[in-house]
Structure formats: C-alpha cells, structure tokens
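Colleague: Below is the structure I would like to discuss, written out as structure tokens.
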Amino acid sequence: MGLRRKLALGAVLIVTGLALSAGGCALQRLPNVPREIAGPAASPPVLAAFRSDPAVQTQQDWHDRRVPLLKARFQSEIYGAMPAPAGYEIVSWEVLQAPEKGAIGTIERITIALKTAQRGPWPRGQPVVDLILMTPKGKGPFPVIAGGTFCGNDVLLAKQRGMRTTIMPLPQECSGGVPEFLVTAIFGLHANAPPWETLAAKGYAVASWHPGDVVPDLAVVAEPYLQALTPVGTPPAQRTGAIAGWAWTSSRMVDVLCADPRLDPTRVMLWGHSRHGKAALLSAAFDPRPAAVWALQSGTAGAALGRDDVGEPVADITASFPHWFAPSYRAYADKPTDLDVDQHQLIALIAPRPVLIGTGRRDQWGDPHGSFRALKGADPVYELFGAPAFTQTKLREPDGKGVLAFYMRPGLHGIHTEDWDEALSFFDRTVPKATTK
C-alpha cells in the first residue's frame, strides 16, 4: 500500500474514531437527508387545548395561562428545574488585545463569579466563568452575538495570549491529541472559533464562554454540580440537568453584557451548536431579553421533534448523556410519544423573537425534517403575535420573508463558513438596527 493511501486510510480511521468517541449528536447517520419535506405535523397543536388548559385564543391567554404551563412541563419532564436567577461579581477585567490592524477593536477577558443559592464543588464554592468579549472598532452600542465554547476559551484564538482554558474537567473529545487540520476537516473551519474579523467588520461584538465552567460535560463528575444548581425542595426526578444549567449560564452572561454601555442590550443574540444549540433555545424560552436565537444542529431536545423516529432516540441520548436532562426524561426512553410536550412548543415560547434553525444534509442524527416541522408547529403562536407566517417550503435555504427560518447545508455535524453566512444574513434581516439619536 502506497504512502498516500496509508495516510488517507489513517485519516478515515481517525475521523471514525472521533465520531464514535464524541457520541450523541456527533454520531452522524451519513446518508443524505431527502430534500423533500416529510413527516407528520408537530403534535399537539400549539394553540389547542393542552392538559387542563383550554385552547389559546389571545396573546393574553398565551402569556397568562399557556406559557407557565409549558415551562413547568419542560422542567419537570425534560430539562429539570431551572436554577433561580442569581447575582454576579466581576472578579477581574483584562484587556488581552488592544486595537490593531483589521476590524477588531479590543479583546477582553471578564472573569465573573456567579452567586448561586447553594455552595457546590467549584473551586471557590460557586462557579467562576471567563467571558471573552470582542468589540469591533467604531462607535457603539454594538449588537453582540453570544454563545459557548466546547473545550475552553484557549481554542477561540489560538495565537492570542491570555485566553486561558478552564480548570474544570473537559470531555473526551477535548483531550488535545487531534491535529487542528483534522478537527477542521471533520467539524468545519469554525468548530472552535467564530469568524472574528468577519463579525467585527459587520459591526458585531462577540461574547464567548465555556459552559463547562459551571457544569462539566462529563456524566461521571457532573452530578454534584447539578445538585448544587437545583433549587431547594425540587423533587429528585426533576433535578436540574446540564442543559438547563448551561441555559442559566447564558442568562447570567446576558446579565453582564446588558450592563456594558458599549453593547446594545436590545440586540443580544444567542447562538449554539449541538448541545449548546439546545441550551440557547432553552435560555431564550425562559429569558425574554435575547433578541434572536440561532440553533445549529441542536437535534433531540433541541429543535428536533421528540416524536420522530429518524434522529437520535430519547433512549440513546438519555443513556449516553444522562447528566444533560432531568432523571424523569429517561422514563420516555421507550415511549417518547407519551410525553405531552414537544420542541415546537419550546420554540413557541420564544415568540415573537426571530429563530433560525440550521442543519446539515448528512446529519440525519440531528433530524433536519423534524426540526423544520417544529418551526412549522410553532408558527401559529408567531402569527398570534402578528409575525409573518412561516411560508418556507424548501429545506435548503430560508425564503427571506419571516422571523422563523430554516436552512440545510451540505455536510456533517460541524460549524462551517456557510453556517455563519446564513446566521449573519438572518440577524441582519430580522433584528432591528439601533435607533439613532
């Protein structure tokens, strides 16, 4: 066998090993997803009678009756109890990079201590998060795109001194033994970091943090952190899950961003890929401040309908990642249709704010069709609030008309330039520009 073929075979074996070791949402079913939209409508209909609550007729019905009921069910049956809002303390604020060439203004590290109701196993008894903030050159207040990193902050800008990674345990895929070119080849050019210069040139600030600073993404160590975040008196089956903990962390970062006079508090946009896409959707559903959400390949318990049998089954995700969810979610492993809430109702809780759902054509594990139908299922609530109807009929790209949008790019589970292009186009179109004084 020639050297070139040996190298190619070695790359394939590494790719396969990475996919298998990452598990969950990284385990792609490789055949192309059909382009024709298929599958039953989201159920139950989002405005229909639900449990003991009669059909929703008005915006007030939705806010006063349905929203509290849905939030309670998502917490009790899927994500676990959301931690209570908490204060924070700025521990330190450091400038890592002053304005240089290009569009980037400053890059700063803001170290934040979060004040939880109970002390936990964190080194200081409470979580400490490093928020990396990039602001562009020019005059603010700037819109800001905010989201978490998978493997600590030092991967955000490889050559930037002082980024500092987490001291918390990291998941297996963050062990550091894989060459950067292979990470890029498998998971995309922006698997570890957003396109900083592009975002700065378009006038966006960027906020990044490591959700694992609050809940490590390892089932074998996560439990005591989750117990410390769980509100006192919560039934054990509804113990806070990691996704709820990460969503709560997003809201605490929004607290900090909204207090920064250089940033526009009305234009904070959340985004996330895979498990962080789940957290971004959940955070915006429980927090009215984010102006828009982009969830990329968020899959089961994200944007994809749980009743579908196409993507990652509830049995698989709760077995592989039991720490992500409330223990009660495992009860639906073999009977997901018994669960009376589904992800179109979660998206509807974000209404009338814009939501973009992104998928990959070879990421059947993430169920693109189920995610599209979840947007369709949420649309009646958006229309109730006067938003344009979700009229998109093709999976490939948004039709550019409404505040709900979907796209399916070629490729696998990862973060590519095309994903950021779609997101920036969506945010530019749907999030109102700052008013001039």
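Colleague: Please list the non-local residues whose amide H lies under 5 Å from the amide H of Asp264, H modeled 1.01 Å from N, same-chain partners needing a gap of 5 or more.
Modeller: Phe142, Val144
Colleague: OK, next. In whole angstrom, note down how far apart the Cα centers of the stretch 265-336 and the stretch 36-54 are.
Modeller: Centre-to-centre distance over Cα atoms comes out at 18 Å.
Colleague: Gaussian network model of the chain, Cα springs within a sub-10 Å range: biggest mean-square fluctuation belongs to which of Pro136, Pro388, Pro313?
Modeller: It is Pro388.
Colleague: Ok, one more. Quick one: which residues, 5 or more positions from Tyr88 or on another chain, have an amide H under 5 Å from its amide H? H modelled 1.01 Å from N in the peptide plane, none for Pro or chain starts.
Modeller: Lys115
Colleague: Also, I was wondering about something else. Of Phe321, Phe406, which has the most accessible area and how do the rest follow, probe 1.4 Å?
Modeller: Values: Phe321 25, Phe406 0 Å².
The ordering from most to least exposed comes out as Phe321, Phe406.
Colleague: Tell me, what HN-Hα J-couplings in whole Hz come from the Karplus equation 6.51 cos²θ - 1.76 cosθ + 1.60 at θ = phi - 60° for each residue of the stretch 196-208, using x for Gly and Pro?
Modeller: 3, 4, 4, 5, 5, 5, 8, x, 9, 7, 10, 10, 9
Colleague: How much accessible area per residue does the chain have, counting only protein heavy atoms and a probe of 1.4 Å, in square angstrom?
Modeller: On the way: 17820 Å² over 437 residues.
About 41 Å² of surface per residue is accessible.
Colleague: Rounded to the nearest 5, what % of DSSP beta bridges with both residues in the chain are antiparallel? Intermediate values should be presented prior to the final figure.
Modeller: Numbers: 21 of 46 bridges.
Antiparallel bridges make up about 45 percent of those DSSP assigns within the chain.
Colleague: Measuring from label point to label point, each 7 Å out along Cα→Cβ, what is the Gln59 to Glu94 span in nm?
Modeller: Each label point is offset 7 Å from its Cα along the Cβ direction, giving 4.7 nm.
Colleague: Also, quick follow-up: Running a GNM on the chain with Cα contacts under 10 Å, which residue among Val129, Val56, Val206 ends up with the highest mean-square fluctuation?
Modeller: Among Val129, Val56, Val206, the largest mean-square fluctuation in the Gaussian network model of the chain belongs to Val56.
Colleague: Grab the other residues whose beta carbon is less than 10 angstrom from that of Val91, score K and R as +1, D and E as -1, and report the net. Let's see the in-between values first.
Modeller: On the way: positive: Arg124; negative: Glu89, Asp130.
Summing Lys and Arg as +1 and Asp and Glu as -1 gives -1.
Colleague: Here's another thing I want to ask about it. Please list the non-local residues whose amide H lies under 5 Å from the amide H of Gly105, H modeled 1.01 Å from N, same-chain partners needing a gap of 5 or more.
Modeller: Thr135, Lys137
Colleague: Any chance you could list P(r) for the chain, counting all Cα-Cα pairs in 20 angstrom bins from zero, rounded to whole %?
Modeller: Pairs per bin, as whole percents: 27, 61, 12, 0.
Colleague: Could you run the Karplus curve 6.51 cos²θ - 1.76 cosθ + 1.60 with θ = phi - 60° over the stretch 247-256 and give me ³J(HN,Hα) per residue in whole Hz, x for Gly and Pro?
Modeller: Each residue of the stretch 247-256 in turn: 5, 4, 4, 4, 5, 5, 5, 5, 3, 5 Hz.
Colleague: May I pose another question? Roll a 1.4 angstrom probe over the protein heavy atoms and tell me the percent of accessible area of the chain that is carbon or sulfur.
Modeller: 58
Colleague: Okay, next question. So which lysines pass the test for Lys433, namely a Cα distance under 16 Å, with those fewer than 8 places away in the same chain ruled out?
Modeller: By straight Cα distance, Lys433 reaches Lys139, Lys202.
Colleague: Rounded to the nearest 0.05, what FRET efficiency is calculated for Asp316 and Gln227 with R0 set to 30 Å and r the Cβ-Cβ distance?
Modeller: The pair Asp316/Gln227 has a calculated efficiency of 0.75.
Colleague: Mean residue ellipticity at 222 nm from the helices of the chain, using -39,500 (n - 2.57) per DSSP H segment of n ≥ 4 over the full residue count, to the nearest 500 deg cm²/dmol? Numbers along the way, then the final one.
Modeller: On the way: 11 runs with 126 residues, N = 437.
The helix-only estimate for the chain comes to -9000 deg cm²/dmol at 222 nm.
Colleague: Counting Lys and Arg as +1 and Asp and Glu as -1, what is the net charge of the other residues whose Cβ lies under 9 Å from the Cβ of Trp294?
Modeller: Details: positive: none; negative: Asp419, Glu422.
Local net charge: -2.
Colleague: Straight-line reach from Lys376: which lysines fall under 17 Å, measuring Cα to Cα and dropping same-chain residues less than 8 apart?
Modeller: Those lysines meeting the cut-off are Lys394, Lys401.
Colleague: Can you give me the solvent accessible area of Lys401 with a 1.4 Å probe, rounded to the nearest 10 Å²?
Modeller: Rounded to the nearest 10, that gives 140 Å².
Colleague: Right, something else. Using Cα springs under 10 Å in a Gaussian network model of the chain, which residue among Ala295, Ala378, Ala38 shows the largest mean-square fluctuation?
Modeller: Looking only at Ala295, Ala378, Ala38, the largest GNM fluctuation is found for Ala38.
Colleague: Round to the nearest 10 and report in Å² the accessible area of Phe286, as given by a 1.4 Å probe over the protein chains' heavy atoms.
Modeller: Approximately 50 Å² of Phe286 is accessible to the 1.4 Å probe.
The values are calculated or read from the model by the stated rules, or taken from the named source; none is laboratory data. Model, not experiment: these values are computed from the prediction. So basically every Cβ, Gly included, is an ideal-geometry build from the backbone, and we count neighbours across all protein chains shown. Areas reflect the complete protein model, heavy atoms only, side chains present, ligands, DNA and RNA absent. Shrake-Rupley method; radii C 1.70, N 1.55, O 1.52, S 1.80 Å.
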